[in-house]
Ligand SMILES: NC(=O)c1ccc[n+]([C@@H]2O[C@H](COP(=O)([O-])OP(=O)(O)OC[C@H]3O[C@@H](n4cnc5c(N)ncnc54)[C@H](O)[C@@H]3O)[C@@H](O)[C@H]2O)c1
Ligand SMILES: [Zn+2]
């Protein structure tokens, strides 16, 4: 178990393997209601919906399911509005609980619905993708996309608990598993040299989704995220470290209209460019750059943004909502296990590194 310390908003992340039936016991600790709505997407519902529904009903909850189509295209205000209607129809009141069962899409849109329905009801995250287990289900960032951009509407709203079962990851597609691995590597680079070494050492069993490795990975990433969020819930400083590779990555995703790269693939390429830039500026040793690149490539993640125009990448990076005063904010690794936030990197250096034929 990992605790996220946030005063009266603190909560626990329970991590286990093949332990879904225990969910009922955990819910019994939530005393104020017997009414619950499960929000999930079509794929997850098909695989796990009936089982989760049965476990929760057996635990004594009156439960309905709301199944959204899934995919980035449904992370929007129309889905939020539809969810509110489902919640009204099911008679959910301010004491009811929402349970988000799925990947980051379900977690973000359902978390946002929980944050705003009747000015906020309690919710629980049951993340079923690796990305959601190591990243999006922890930390309380909820939100939806607008036609003009991703995650433009949202709220910081912490769950009451996070329930992780690594057995969910068995059914994940290879590509979605890889996307989560990119975020996993990120934690090693920004925070934990030893963990990076672990990922290198156990890369074969990790690739095979060995359960013991998955338990270690999710526990370690959740501990790091809990520590960071505990110190900087609303991203006024430290939490921005989690954006390593993301300023580059978001530009690659946007310029390819979210069709070419998964989020993790774009972040993987972005982390390589961040490390190359740091190496060019003399901040990180070239042997560390090699270790970062090798690990990313070993897992089969991409190391190139293809034929995108460099000027367009820079223009897109300038639009990143994390920037302040029009200056590109970048997280760069200064060693394996340590990264820093920079606001003063010149665009010429960024362009040079993007153009370099390495
Ligand atoms: N809130 C945050 O802090 C935060 C952090 C990172 C990313 N995000 C958001 O997360 C979203 C991406 O999340 P994602 O990568 O989990 O995508 P996702 O939720 O779309 O899941 C990926 C695919 O896997 C399927 N799936 C989920 N669990 C499965 C399982 N156990 N077995 C088989 N298939 C399964 C889903 O139906 C979907 O098709 C993005 O919108 C991103 O903005 C949020
Ligand atoms: Zn990310």
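I need to check one value: relative contact order of the chain, counting alpha carbon pairs closer than 8 Å and at least 6 residues apart, in percent.
15 percent
Taking Cα pairs under 8 Å and at least six residues apart, what relative contact order does segment 214-327 come out at, in percent? Walk me through the numbers before you get to the answer.
Working: 97 pairs, mean separation 26.9, N = 114.
The value is 24 percent.
Can you put 287, 207 in order of Cβ neighbours within 10 angstrom, beginning with the fewest?
287, 207
Expressed as an acute angle from 0 to 90° and rounded to the nearest 10, what is the orientation of the C-alpha long axis of helix 263-280 relative to the principal long axis of the chain?
Its long axis makes an angle of about 30 degrees.
Just report the Cα centroid separation between segment 93-124 and segment 230-278, whole Å.
Using only Cα atoms, the two centres lie 26 Å from each other.
Compute the acute angle (0 to 90°) between the alpha-carbon long axis of helix 77-89 and the principal axis of greatest extent of the alpha-carbon atoms of the chain; round to the nearest 10°.
20 degrees
Any chance you could run the full-extension gain for residue 352 through residue 297? It's 0.36 nm times the residue separation minus the Cα-Cα distance, nm to one decimal.
17.6 nm
Mind checking which of 169, 47, 36 has the largest fluctuation in a GNM of the chain, springs on alpha carbons under 10 Å?
Top of the fluctuation ranking is 47.
Using alpha-carbon pairs under 8 Å, 6+ residues apart, how would you state the relative contact order of segment 1-149 in percent?
It comes to 21 percent, rounded to a whole number.
In degrees from 0 to 90, rounded to the nearest 10, what is the angle of the helix 104-116 Cα long axis to the longest principal axis of the chain?
Helix 104-116 sits roughly 60 degrees off the main axis of the chain.
Rounded if a/c is under 1.5, else prolate if a/b is larger than b/c, else oblate: which is segment 56-176, with a ≥ b ≥ c the root eigenvalues of its Cα gyration tensor?
In terms of gyration-tensor shape, oblate.
Restricting to the chain, compute how many DSSP beta bridges are antiparallel as a %, nearest 5. Walk me through the intermediate numbers first.
Values: 14 of 39 bridges.
So the antiparallel bridges in the chain amount to around 35 percent.
Rounded to the nearest 500, what is the chain's calculated 222 nm mean residue ellipticity when only DSSP H runs of at least 4 contribute -39500 (n - 2.57) each, over all residues? Walk me through the intermediate numbers first.
On the way: 13 runs with 152 residues, N = 358.
The helix-only estimate for the chain comes to -13000 deg cm²/dmol at 222 nm.
Quick one: go through segment 155-198 and flag any residue whose amide nitrogen is under 16 Å from the point 7 Å out along the Cα-to-Cβ line of residue 19.
The answer is 161-169, whose backbone nitrogens lie closer than 16 Å to the label point.
With the cut-off at 28 Å, report for the chain the share of all Cα pairs above it, as a whole percent.
Of the Cα pairs, 42 percent sit more than 28 Å apart.
Specify the residue with the greatest mean-square fluctuation among 317, 271, 118, computed from a Gaussian network of the chain linking alpha-carbon atoms under 10 Å apart.
The residue with the greatest mean-square fluctuation here is 118.
GNM on the chain, C-alpha springs below 10 Å: top fluctuator among 81, 335, 114?
Judging by the Gaussian network model, the answer is 81.
Tell me, 233, 85, 183 in order of fewest to most beta-carbon neighbours within 10 Å?
Listed from fewest to most nearby Cβ atoms, that is 85, 233, 183.
Computed from the coordinates by the stated procedures, all read-outs in this text should not be read as laboratory data. Predicted, not measured: the structure shown is a model, and the values here were computed from it. FYI the Cβ positions are ideal-geometry reconstructions off the backbone, even for glycines, and counts take in every protein chain you see.
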